[in-house]
Amino acid sequence: MTRPISKTVNVPVADGDGERYTLKMGPQHPATHGVLRVDLELDGETIIKCSPQVGYLHRGFDKIAENRTYAQSLILTDRLDYIAAMANNVGYCVAVEKLLGISVPLRAKYIRTIVCEMSRIASHLLWLATHALDIGAMTVFLYCFREREVMLDLFEELCGARLTFSYPRIGGVRQDVTRNFIDVLQRFVAEFPTHIGEYETLIDTNRIWLKRTVGIGVLSAAEALELGLTGACLRGSGVDYDIRKHRPYDAYDLVDFEVPLGSDGDIYARYRCRMEELHQSARIIQQCIDQLPPGPIISEDAPDLVMPLQGQRKVEAGSSTYGTGLIRLLEDKGEFPVGDIYVSTEVPKGELGFYFISDGSGRPYRMHVRSPSFIHISALPALAEGSMIADLIANIGTLDVVLGECDR
Amino acid sequence: MQIQYKPKRNLLQTILHSEIMQGMAFTLKQLFAKPITRQYPQEKPEIKLGFRGQHALVRDQETGTSKCVACMRCVTVCPSRCIHIRFHEDEERGCRVVDSYDIEALRCVYCGFCEEVCPVNALVLTEIFEYAAYNRESIFFDQERLLANWDAFADMKGSAINGYINPFWRPRGIPERELTAAKRLDVPDEWTIEGQVVGNLVKRDQ
């Protein structure tokens with residue numbers, strides 16, 4: 001007796017005659033993009049049950065942040081989604097600025113938008129490279145890394161690091177951009193659409209790529225919303241939700257860009273969405289370069305990096321030691337505000353939210369990170385159950401998870 | 001914006017494998033392009049100014065030792081708490097004297113906050129990045145080791161070390177009044193607010 005187990009894949013399944021077996025895929029598996037373990041219950045090659053096991057990379061950021069000042073906790077966000085650390089940094093700073101009521105100078109907003117979009121390009125290129133590599137298209141991998149290298153070199157020039165940037169600062173950014181940075185970026189942005197065309201030449205209409213992606217991992221718009229997906233995973237299903245557009249932060253309301261939407265909700269639609277986002281990112285960067293205004297790069301009332309509260313006390317006591325280094329203080333606020341706040345930003349993977357409970361002490365009483373990868377990996381059973389084991393690899397790839405962010 | 005798909009291939013294209021041929025043609029073209037691979041151990045990468053690498057304490061030309069004044073700002077700001085300073089007060093001169101200055105480099109996260117808050121530019125993250133070792137002791141930097149790191153960096157830079165200004169000593173785009181006297185260095189024009197890069201569509205109003 002056979003029965004269909006899924007609407008999308010009509011595979012006959014043998015009933016309870018001992019053919020089922022379990023397979024633990026990972027945590028050391030090249031296609032799981034980090035230390036992800038997936039416990040599979042299989043019938044032949046068909047997945048009956050799939051449960052992702054996370055936590056191999058847990059470092060307890062939420063707890064560490066409770067013992068660090070807001071400025072110090074910035075370095076933790078580098079290590080969330082290490083592929084796009086800049087976007088996490090900016091997201092964290094936007095959240096803390098909202099908590100403290102700091103307004104950022106316009107120039108800093110533009111610079112942040114530039115680096116966020118550069119980060120999106122770097123992240124999407126790495127996603128495309130590894131996703132294609134998982135499915136079997138190795139050539140794309142090499143070309144994607146060629147362009148990603150340019151991004152990393154630019155980041156190195158800007159802030160001295162290639163991966164863990166810690167570049168934005170609460171109330172602005174750390175370093176101004178240089179002429180060389182802008183020139184190289186300008187050249188890159190001008191020629192980047194050609195490079196996207198090259199990747200598309202290799203896989204866009206390739207019949208093997210189409211066989212592996214079209215109609216696989218289908219999620220309807222309602223399902224995607226129910227699973228809490230965000231970012232390109234949600235937009236591939238046709239839901240128009242982009243925080244950059246709908247709740248703009250930084251300079252996103254000052255630039256013109258489109259939100260690409262798919263309709264099929266399969267792996268190919270999500271792939272097309274991300275490719276289109278690369279075009280849009282290049283467009284945003286070009287506009288930001290053209291509109292980059294003069295002015296300060298850090299707000300006057302940004303908190304002191306070293307001792308946010310002690311600086312205030314010293315000024316009140318009339319001490320002359322104040323005023324060294326990059327010290328600033330909250331002018332009319334003696335203390336940090338009390339309360340809680342949730343602020344989300346659009347990182348390459350989806351919606352990254354920071355939830356703070358502040359007790360006015362200069363350190364978060366509680367910090368929670370709503371990371372897109374954690375939500376996305378929990379959608380894996382919905383995608384994979386009932387499909388073949390070979391498609392599981394494609395499904396993990398299309399969700400674009402980074403386990404550093406997933407486990408925090 | 002709705003995403004666009006490329007048109008479906010027709011029978012002829014299917015038979016001729018046209019899309020695979022296009023891909024192969026592109027790869028074949030790349031065979032004759034200039035290689036971009038860097039043969040790392042033989043070919044060193046070009047390190048940008050301000051790269052956050054191995055730690056060093058700047059050797060003061062006049063005294064021959066570190067510039068550190070034991071203000072403890074780097075210790076306070078360090079997010080991974082890897083800097084340890086011991087000092088005593090010199091009553092006669094009325095200043096602090098550093099007894100020991102240790103950096104546990106294995107705990108360091110290379111955020112560069114320490115060099116940024118240092119009021120006298122005593123500390124720097126150099127452009128040296130190859131210092132892997134076989135034991136933990138050799139990556140624990142005490143004061144002598146940190147000064148030796150600076151000498152190694154000075155050797156690497158050659159004569160350029162005299163005009164060396166780390167971007168974290170004097171951050172680009174920060175007005176001079178925000179900085180201590182030691183940090184008000186003579187920097188290129190584009191590092192100041194007046195000389196900063198602006199967009200093509202923006203007219204600087206003066």
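Is it possible to state the helix-based mean residue ellipticity at 222 nm for chain B, with each DSSP H run of 4+ residues giving -39500 (n - 2.57), the sum divided by total residues, to the nearest 500 deg cm²/dmol? What is it?
Helix-only estimate at 222 nm: -6000 deg cm²/dmol.
Quote to one decimal, in nm, the extra length available between residue A:301 and residue A:208 on full extension: 0.36 nm per residue of separation minus the C-alpha distance between them. Spell out each step's value before the answer.
Working: separation 93, 0.36 × 93 = 33.48 nm, distance 5.61 nm.
Full extension from residue A:301 to residue A:208 adds 27.9 nm.
Ignoring everything except DSSP H segments at least 4 long, calculate the 222 nm mean residue ellipticity for chain A; use -39,500 (n - 2.57) per segment, divide by total residues, nearest 500. Write down the numbers at each step before the final one.
On the way: 16 runs with 189 residues, N = 408.
For chain A, the value works out to -14500 deg cm²/dmol.
Give the separation of the Cα centroids, the stretch A:106-131 to the stretch B:1-45, in Å.
Comparing the Cα centres of the stretch A:106-131 and the stretch B:1-45, I get a distance of 24 Å.
Subtract the Cα-Cα distance of residue A:191 and residue A:53 from 0.36 nm times their separation in residues, and report this length gain in nm to one decimal.
45.6 nm
Let me have the relative contact order for chain A, percent, based on Cα pairs under 8 Å that are six or more residues apart.
Relative contact order, chain A: 25 percent.
Give me, ordered by chain and number, the residues 5 or more places off residue A:172 or on other chains with an amide H under 5 Å from its own placed amide H.
Correct list: A:299.
Starting from the Cα of residue A:247, step 7 Å along the direction of its Cβ; do the same at residue A:145; then give the gap between the two resulting points in nm.
3.8 nm
Take peptide B:21-32, look around each residue's Cβ out to 10 angstrom, count Cβ atoms belonging to other protein chains, and average those counts.
Per-residue shielding by partner chains comes out at 3.
If you average the C-alpha positions of the stretch A:153-179 and of the stretch A:339-373 separately, how far apart do those two centres end up, in angstrom?
One Cα centre to the other: 22 Å.
If packing is taken as the average number of other Cβ atoms within 10 Å across a peptide's residues, how do B:74-80, B:125-131 rank, most packed first?
B:74-80, B:125-131
Counting pairs of alpha carbon atoms under 8 Å apart in space and at least six apart in sequence, what relative contact order in percent does the stretch B:55-185 give?
Here the relative contact order equals 28 percent.
Which order do peptides B:43-51, A:79-87, A:260-268, B:93-101 fall in by mean Cβ count within 10 Å, highest first?
Highest-to-lowest ranking by the protection proxy: A:79-87, A:260-268, B:43-51, B:93-101.
Order by neighbour count: A:107, A:283, fewest other Cβ atoms within 10 Å first, most last. Walk me through the intermediate numbers first.
Details: A:107 26, A:283 18.
Result, fewest neighbours first: A:283, A:107.
So, in nm, how far is label residue B:133 from label residue A:366 when the simple model puts each one 7 Å beyond its Cα toward the Cβ?
Taking the two extended label points, one gets 4.3 nm.
Given that compact globular proteins tend to follow 2.2 N^0.38 Å, what is the ratio of the alpha-carbon Rg of the stretch A:14-157 to that value?
1.41
Taking a temperature of 20 °C and a viscosity of 1.002 mPa s, what whole-number D in µm²/s does Stokes-Einstein yield for the stretch B:117-206 with Rh from Kirkwood over alpha carbon pairs? Numbers along the way, then the final one.
Working: Rh = 15.9 Å.
My calculation gives 135 µm²/s for D.
Please list the three semi-axes, largest first and in whole Å, of the ellipsoid equivalent to the stretch A:361-408, using sqrt of 5 times the eigenvalues of its alpha carbon gyration tensor. Could you put the intermediate results ahead of the total?
Working: eigenvalues 197, 17, 7 Å².
In descending order the semi-axes read 31, 9, 6 Å.
Could you calculate, for the protein assembly as shown, the ratio of the Cα radius of gyration to the Kirkwood radius, expressed as Rg to Rh?
Checking Rg against Rh, the ratio lands at 1.00.
Residue by residue, what Karplus-based ³J(HN,Hα) values in Hz, rounded to whole numbers, does the stretch A:161-176 have, using 6.51, -1.76 and 1.60 with θ = phi - 60° and x for Gly and Pro?
My calculation for the stretch A:161-176 gives 9, 9, 10, 9, 7, 6, 8, x, 10, 4, x, x, 10, 7, 10, 6 Hz in order.
If you count, for every residue in B:165-178, the Cβ atoms of partner chains within 10 Å of its Cβ, what is the mean? Don't skip to the end; give the middle numbers.
Details: counts 0, 1, 8, 4, 0, 0, 8, 8, 16, 8, 3, 0, 1, 9.
Counting Cβ atoms of other protein chains within 10 Å of each residue's Cβ and averaging gives 5.
In angstroms, what radius of gyration and Dmax does the stretch A:118-175 have, counting Cα atoms only?
Answer for the stretch A:118-175, Rg first and Dmax second: 13.7, 45 Å.
In whole Hz and in residue order, list the ³J(HN,Hα) couplings for the stretch A:40-45 that follow from phi through the Karplus curve 6.51 cos²θ - 1.76 cosθ + 1.60, θ = phi - 60°; x for Gly and Pro.
Karplus-based 3J(HN,Hα) across the stretch A:40-45 equals 10, 10, 10, 10, x, 9 Hz.
Calculate the tail of P(r) for the stretch B:55-185: the fraction of all Cα-Cα distances greater than 17 Å, expressed in %.
Across the stretch B:55-185, Cα pairs with separations above 17 Å total 60 percent.
For the pair residue B:92 and residue B:27, how long in nm is the line joining their label points, each one 7 Å along Cα→Cβ?
7.7 nm
Rounded to a whole number of µm²/s, how large is the Stokes-Einstein D of the stretch A:203-307 at 10 °C and 1.306 mPa s, given Rh as the Kirkwood radius over C-alpha pairs? Could you put the intermediate results ahead of the total?
Numbers: Rh = 16.1 Å.
Value of D from the Cα-based Kirkwood radius: 99 µm²/s.
Give me the extension gain from residue B:100 to residue B:8: residue separation times 0.36 nm, minus the current Cα-Cα distance, reported in nm with one decimal.
Result for the pair: 26.0 nm of gain on full extension.
Say R0 is 56 Å: what FRET efficiency, to the nearest 0.05, do residue B:201 and residue A:19 get from their beta-carbon distance?
Result of the calculation: an efficiency of 0.25.
To the nearest 0.05, what FRET efficiency results for residue A:138 and residue B:43 with a Förster distance of 25 Å applied to their C-beta separation? Write down the numbers at each step before the final one.
Values: r = 24 Å, r/R0 = 0.97.
It comes out at approximately 0.55.
Given the pairs A:98/A:349; A:211/B:29; A:109/A:349; B:67/B:183; A:109/A:245; A:211/A:245, which are separated by over 24 angstrom at their Cα positions? All intermediate terms of the calculation are to be shown ahead of the outcome.
On the way: A:98/A:349 22 Å; A:211/B:29 26 Å; A:109/A:349 21 Å; B:67/B:183 13 Å; A:109/A:245 15 Å; A:211/A:245 33 Å.
Exceeds cut-off: A:211/B:29; A:211/A:245.
Assuming R0 = 25 Å, can you tell me the calculated FRET efficiency for the pair residue B:84 and residue B:63, based on Cβ-Cβ distance, to the nearest 0.05?
0.65
Readers should treat all values here as calculations from the given coordinates under stated rules, not as data from a laboratory. Being a predicted model, the structure only gives us computed values, none of them experimental. Using ideal geometry, Cβ is built from the backbone for each residue, glycine included, and neighbour counts are taken over all protein chains shown.
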